[in-house]
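All remarks here apply to the structure that follows.
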Amino acid sequence: MNFLSLIPCHRRPDRTIHIKGKPMPLCARCTAIYASYILLPLFYFAPKNLFTLGLSIFLQLPMLIDGLTQRWGLRESNNVLRVITGILSGIGQCLFIWFMSYMIIQILK
Ligand SMILES: [Zn+2]
């Protein structure tokens, strides 16, 4: 079993990046989100304050707007936008993980 099959993703071919004619195992947005997790260790040096928490939430907005306006039939996104908003979301998730990890450590001290 391919471990990527465990990741929830619609895997629609039209929303997936193709390399040399072969589709990636995840859609463009999920690929960008998970790829940005590689940056997670870099956020060790990010300030742990409410601005960081707010920024982590703010970075989810482009993906939400892109996804929801598409879902509501207002417009059609494209894979470039999905990758950009996915990277921003992934960076925001990294910031959120670091912030929450820091807060949990502070509480347990
Ligand atoms: Zn996906």
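The values are calculated or read from the model by the stated rules, or taken from the named source; none is laboratory data. On a predicted model such as this, the values are computed, not experimentally measured, just so you know. So basically every Cβ, Gly included, is an ideal-geometry build from the backbone, and we count neighbours across all protein chains shown. Surface accessibility is based on the protein's heavy atoms, side chains included, excluding ligands, DNA and RNA. Shrake-Rupley method; radii C 1.70, N 1.55, O 1.52, S 1.80 Å.
Approximating the spin labels as points 7 Å out from Cα along Cα→Cβ, the SER101-to-ARG75 distance works out to 3.5 nm.
Distance between the 7 Å Cα→Cβ label points at ILE84 and LEU68: 2.0 nm.
Multiply the residue gap between LEU108 and LEU50 by 0.36 nm, knock off their C-alpha separation, and tell me the result in nm, one decimal place. Residue separation times 0.36 nm, minus the Cα-Cα distance, leaves 19.0 nm. For the chain, the solvent-accessible area of protein heavy atoms averages 68 Å² per residue (probe radius 1.4 Å; ligands and nucleic acids excluded). Computed over protein heavy atoms with a 1.4 Å probe, the carbon and sulfur contribution to the accessible area of the chain reaches 75%. Region 1-61 and region 64-109 have Cα centres spaced 8 Å apart. Take every pair of alpha-carbon atoms less than 8 Å apart whose residues are at least six positions apart; their mean separation over the length of the chain yields a relative contact order of 33 percent.
Per-residue extension of 0.36 nm, minus the Cα-Cα distance of HIS10 and ILE57, leaves a gain of 14.6 nm for this segment. Restricting the chymotrypsin sites (Phe, Trp or Tyr not before Pro) of the chain to loop positions (DSSP other than H, G, I, E, B) with no more than 16 neighbouring Cβ atoms within 10 Å leaves TRP72. Find, among the trypsin sites (Lys or Arg not before Pro) in region 43-77, those assigned to loop by DSSP (not H, G, I, E, B) with at most 14 other beta-carbon atoms within 10 angstrom. Answer by residue number: ARG75. With one equal scatterer per alpha carbon and no solvent term, the Debye-computed log10 I(q)/I(0) for the chain at 0.11 1/Å reads -0.42.
Entry note, the chain: the mean residue ellipticity at 222 nm calculated from DSSP H runs of n ≥ 4, each adding -39500 (n - 2.57), is -17500 deg cm²/dmol after division by the residues and rounding to the nearest 500. Span-like helix criteria (full DSSP H runs; alpha carbon extent of at least 27 Å along the helix axis; mean Kyte-Doolittle hydropathy of at least -1.0) are satisfied in the chain by 79-108.
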